[in-house]
1. Would you calculate the separation in nanometres between label points at residue 83 and residue 3, each defined as 7 Å from the Cα along the Cα-to-beta-carbon direction?
2. Which of 39, 17, 7 comes first, and how do the rest follow, when ranked by fewest Cβ neighbours within 10 Å?
3. Just subtract the alpha-carbon distance of residue 52 and residue 23 from 0.36 nm times their residue separation and send over the number in nm, one decimal.
4. Check each of the GluC sites (Glu not before Pro) in the range 1-65 and keep only those in coil by DSSP with at most 15 other C-beta atoms within 10 angstrom; list them in order.
5. Explain nothing, just the number: relative contact order of the chain, from Cα pairs under 8 Å at least 6 residues apart, as a whole percent.
6. If one puts a single equal scatterer on every Cα of the range 1-62 and applies the Debye formula without solvent, what log₁₀ I(q)/I(0) results at q = 0.17 Å⁻¹?
7. So for 79, 64, 19, fewest C-beta neighbours within 10 Å to most, what's the order?
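Just so you know, all these numbers are worked out from the coordinates, no wet-lab data involved. None of the values given here were measured: they were computed from a predicted structure. We place every Cβ from the backbone using ideal geometry, glycine too, and count neighbours over all the protein chains shown.
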Amino acid sequence: MELLAITQVKLDSQAKTVLTAFREHACRLPGLRLCCYMTGKFDFLLHIAVSDMAAFEGLLTEQLGAFPGIGHVETSFVLHSWQSDYMNEKKWIIE
């Protein structure tokens, strides 16, 4: 069973070089399913799948936290998820 984390990241700088460097760093994270550059309070939203909380803690402290320009991180964990079947809007896939 996977633990799905939705992690929001605020960077210290909005310089293009910092944004690009973070995107490249984030896209190398194990378990990363999606990396979104966002408007609003946070700069990036990451969907990360890990085996358990200990695996997430290691990823957060040893890998994500290794990027020097992170100002703030907030994470929520998914309790249940549903996904639309884009080819047939009336059908829903329930995990």
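1. Calculated label separation equals 2.1 nm.
2. Fewest-to-most ranking of 39, 17, 7: 39, 17, 7.
3. Full-extension gain reported as 8.0 nm.
4. Taking the range 1-65 and a limit of 15 other Cβ atoms within 10 Å, the loop GluC sites (Glu not before Pro) found are 2.
5. Across the chain, relative contact order equals 38 percent.
6. -0.57
7. Exposure proxy ranking, most exposed first: 79, 19, 64.
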